[in-house]
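Remarks on the structure that follows.
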Amino acid sequence: MGIGFNGGELLLLAVGACYCNDLFREAQRLQVDVKNVHIDVEADWGGDPVRAKNVSFSVHVEGGSPKPQIEELIRHVDRVAEIPNSLRLGTEVSLRSYEIISDSKA
């Protein structure tokens, strides 16, 4: 039972969306002409507990700037994108609190 996607898909979506947003932001800042971006994100899943492994992404950029300038933009964004860096650097995640409401009499 679910709503059409799972947490793993959302994690990979976050990686791609973050990189894409940062690419457009940095392109504007660095005055690189970017027209279209397509990003594919993949991962292997395994272990106990199950976790993402080997997360990788491919980037396709169409733009009006010279190829070397677009390549430097792609590499720059790979260094500064927040979500990929959070995964690479092992961000700690902790359960802070919870609340339970139950109708059960047991």
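The values are calculated or read from the model by the stated rules, or taken from the named source; none is laboratory data. Every value quoted in this text rests on a predicted model; they were computed, and no experiment measured them. Note that each Cβ is placed from the backbone with ideal geometry, even for glycine, and that neighbours are counted across all protein chains shown.
Considering 5, 57, which residue is of a type in the set (Phe, Trp, Tyr) and under 14 Å from the mean Cα position of the chain (by Cα)? From the options 5, 57, the qualifying one is 57. Of note, residue 102 satisfies the criterion of being without any contact (Cβ under 8 Å) to a residue 40 or more places away in the chain, among the hydroxyl-bearing types (Ser, Thr, Tyr) and more than 25 Å from residue 6 (Cβ to Cβ). Which of the residues spanning region 73-87 are over 11 Å from the mean Cα position of the chain (by Cα) and free of Cβ contacts under 8 Å to residues at least 24 places away in the same chain? Hits for region 73-87 are 75, 79. In this structure, residue 36 does not qualify as part of a helix (DSSP H, G or I), modelled with pLDDT of 95 or more and among the polar types (S, T, N, Q). Residue 25 fulfils the conditions (1) surrounded by fewer than 17 Cβ atoms within 10 Å (Cβ to Cβ); (2) in a strand (DSSP E or B) except for a single criterion, (2). The set of residues in region 55-106 that are touching an Asp or Glu at 6+ places or on another chain (Cβ under 7 Å) and of a type in the set (S, T, N, Q) comprises 56, 58, 65.
Of the residues making up region 40-52, those that are under 20 Å from residue 14 (Cα atoms) and out of contact with any Gly (no Cβ under 6 Å at 6 or more places or on another chain) are 40, 42, 43, 44, 45, 46, 50, 51, 52. For region 4-19, does any single residue satisfy the condition of being in a helix (DSSP H, G or I), touching a helix residue (DSSP H, G or I) at 6+ places or on another chain (Cβ under 6 Å), surrounded by fewer than 17 Cβ atoms within 10 Å (Cβ to Cβ) and in contact (Cβ under 8 Å) with a residue 40 or more places away in the chain? Yes, region 4-19 has at least one match. Scanning region 48-74 for residues that are of a type in the set (A, V, I, L, M) and within 16 Å of residue 28 (Cα to Cα) gives 61, 70, 73, 74. Name the single residue that is farthest from residue 72 (Cα to Cα) among those in region 32-51 being without any contact (Cβ under 8 Å) to a residue 24 or more places away in the chain and not acidic (Asp, Glu). So, considering only residues that are without any contact (Cβ under 8 Å) to a residue 24 or more places away in the chain and not acidic (Asp, Glu), the one farthest from residue 72 (Cα to Cα) is 49.
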